[in-house]
1. Can you name every residue in region 354-387 that is within 16 Å of ligand 3 (Cβ to nearest atom) and open to solvent by less than 70 Å² (accessible area, probe 1.4 Å)?
2. Can you confirm whether region 302-323 contains a residue that is assigned by TED's automatic domain parsing to the domain that holds residue 109, at pLDDT below 95, among the small types (Gly, Ala, Ser) and crowded, with 20+ Cβ neighbours inside 10 Å?
3. Looking for something away from ligand 2 (no atom under 16 Å from the Cβ), of a type in the set (D, E, K, R) and part of a strand (DSSP E or B) - is there at least one such residue anywhere in region 135-148?
4. Could you list all residues from region 10-42 that are farther than 27 Å from residue 83 by Cα, charged (D, E, K, R) and either surrounded by fewer than 16 Cβ atoms within 10 Å (Cβ to Cβ) or within 16 Å of ligand 3 (Cβ to nearest atom) (or both)?
5. What are the residues in region 154-170 that are assigned to a loop (DSSP other than H, G, I, E, B) and within 13 Å of ligand 2 (Cβ to nearest atom), if any?
6. Please work out which one of (1) in contact (Cβ under 8 Å) with a residue 60 or more places away in the chain; (2) open to solvent by 50 Å² or more (accessible area, probe 1.4 Å) is the condition residue 108 fails and give its number.
7. Residue by residue through region 261-296, note down the ones that are part of a loop (DSSP other than H, G, I, E, B) and more than 24 Å from residue 193 (Cα to Cα).
8. With respect to the numbered conditions (1) surrounded by 18 or more Cβ atoms within 10 Å (Cβ to Cβ); (2) within 15 Å of ligand 3 (Cβ to nearest atom); (3) among the small types (Gly, Ala, Ser), which one is the sole condition not fulfilled by residue 197?
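The values are calculated or read from the model by the stated rules, or taken from the named source; none is laboratory data. This structure is a prediction, so every number in the text was calculated from the model and none was measured. Cβ coordinates were reconstructed from backbone atoms using ideal geometry, including for glycine residues, and neighbour counts include every protein chain displayed. Just so you know, the surface numbers come from the protein's heavy atoms only, side chains and all, with ligands and any DNA or RNA stripped out. Shrake-Rupley method; radii C 1.70, N 1.55, O 1.52, S 1.80 Å.
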Amino acid sequence: MNQPNEHHEQARHPEWMTDLVQVLNAPGYERWRSMVAGTGGCANPIHLAGESAIVNTDTGEILHHYRTADEPSGHLLVACGNRRASVCTSCSEVYRADTFHLIRAGLSGGKGIPETVSAHPRAFVTLTAPSFGPVHTRREKNGAVRACRPRNRDKICEHGHPVGCHARHEPKDERLGQPICGDCYDYVGAVLWQAHAGALWHRFTLEVRRTLAAEAGLSRMAFGKQVRVSFAKVAEYQRRGLVHFHAIIRLDGPEGGSQPPPDWADHRLLTRAIPPAVQRITVTSPLSDLGRWDLVWGDQLDIRPILLDSSADGLSERAVAGYIAKYATKGAEASGTVDHRLSCPACGGRGRLRLMASCERCHGTGLKPGLHLDSLPVTEHARRMIRTCWELGARPEFAALRLRPWSHMLGFRGHFSSKSRRYSTTLGDLRQVRAVHRATQTRERHGLPALADETTLVLGHWRFAGMGYTPGEAIMAEHIRHRVSQARAIAAKREDG
Ligand SMILES: [Zn+2]
Ligand SMILES: [Zn+2]
Ligand SMILES: [Zn+2]
Ligand SMILES: [Zn+2]
């Protein structure tokens, strides 16, 4: 009886609990709570110290003065704004909602885009990576799970591993996406492909305009005068560590989303033009004594029309906007890697500073101090991708690919989501609308003139004073986030209904 009790005694007041009691009893708790609610319950808020003043430019009178020195905590909390759900649930939720509205506006209208945009030809396209060797796969046919890779059981590769796998993998099986034989797998090709995924995408946007013109029987220039092609895309990591791109492609008149394209630029033209564009693209890797890789898109190509409402072969506008927004908040963690940089912040992974002096921070390894690639909490496959990034990153011919700073992304350094200028509104505009709304509320509270009034000026200076929470604060912040997200869900339902 004694021993378990002793354990209990120690566990009764862990550090976070003592801290939590302090947080709740601090005199500034109410104010702290409202600041955290103001960030939406951000998991890692930025602490700012400083002051701001609203000044009447005619009279010089200070209408309102705010100093963080007057706050109980001495600083102001600002949301971290991180896009990834694995880093900050609250900020990623804001990002997801913004992305949803942005994508939806480009499909259904709104936020400055007319509703007639719904009638423009649009397709939802998934571009994939090619194979760099067989990986464990969950295969289903007619609702039944099949063997992963049925081969003769006696057949082995040159490394002594069976070339097949007879397992019927469960959806959560950790082997999924991992190579059948890691030594047979072309890691160099996989990393080089990933490092060029952005270039492949760029080439695709050019090539599809060319094939659209060819299908329409026009010169590239004549086509461009009558049709504008808009794109919105998002990258999604597969379990095998390579990205897919999900993209919306839309045909507009020369003015963009506010103008319909000519009648001949229809759905059929769009879906006919995509496959030849995908097949024609090859990006060749930089010259190296390791060899040259002709980098292409994978054979799997999915093209679906986007319809007003979902039907058998198409997707609804709402579903597409939902997919893109969800992918936009995912990072590379789905492929079993880490969500932070591995390279030394002082030398960017090069191990050397200017004038070729060895970097003192990392002692020339290029790794973030304290990190070892062997002990990273990642899957074996992710580790080999990272290691390949690290090794290739040391070669001058691949310097431009910046493989070491992007090794945690397994070589991908492109944008997670991007869109062409005319697609719809921007995330920046959506943020601006929110900021103006908040500023207006603050002004109303203080009886100040509206923001559009040019007779007032906001002056301020701020400095960074830290980030994050103490263990007790983090527990309360999570409670607050929960409340805020419930309130948001209710508000969103009202907006929809
Ligand atoms: Zn945040
Ligand atoms: Zn398998
Ligand atoms: Zn092998
Ligand atoms: Zn360094």
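1. To start, the set of residues in region 354-387 that are within 16 Å of ligand 3 (Cβ to nearest atom) comprises 380-381, 384.
If the condition is that a residue be within 16 Å of ligand 3 (Cβ to nearest atom) and open to solvent by less than 70 Å² (accessible area, probe 1.4 Å), then 381 is the only one that fits.
2. From region 302-323, those assigned by TED's automatic domain parsing to the domain that holds residue 109 are 302-323; that's our starting set.
This time we only want the ones that are at pLDDT below 95, so: 302-323.
Keeping just the survivors that are among the small types (Gly, Ala, Ser) gives 310-312, 314, 316, 319, 321-322.
Keeping just the survivors that are crowded, with 20+ Cβ neighbours inside 10 Å gives 321.
Within region 302-323, one or more residues are assigned by TED's automatic domain parsing to the domain that holds residue 109, at pLDDT below 95, among the small types (Gly, Ala, Ser) and crowded, with 20+ Cβ neighbours inside 10 Å.
3. No, because not a single residue in region 135-148 is away from ligand 2 (no atom under 16 Å from the Cβ), of a type in the set (D, E, K, R) and part of a strand (DSSP E or B).
4. From region 10-42, those farther than 27 Å from residue 83 by Cα are 10-30; that's our starting set.
Remaining after also requiring charged (D, E, K, R): 12, 15, 19, 30.
Once the filter is applied, which keeps residues that are farther than 27 Å from residue 83 by Cα, charged (D, E, K, R) and either surrounded by fewer than 16 Cβ atoms within 10 Å (Cβ to Cβ) or within 16 Å of ligand 3 (Cβ to nearest atom) (or both), region 10-42 yields 12, 15, 30.
5. Let us first name the residues in region 154-170 that are assigned to a loop (DSSP other than H, G, I, E, B), namely 154-155, 157-161, 163-164, 166-170.
Across region 154-170, the qualifying residues are 161, 163, 164, 166, 167, 168, 169, 170.
6. Here residue 108 clears every test but (2).
7. To start, the set of residues in region 261-296 that are part of a loop (DSSP other than H, G, I, E, B) comprises 261-266, 281-282, 285-293, 296.
261, 262, 263, 264, 265, 266, listed by residue number.
8. (2)
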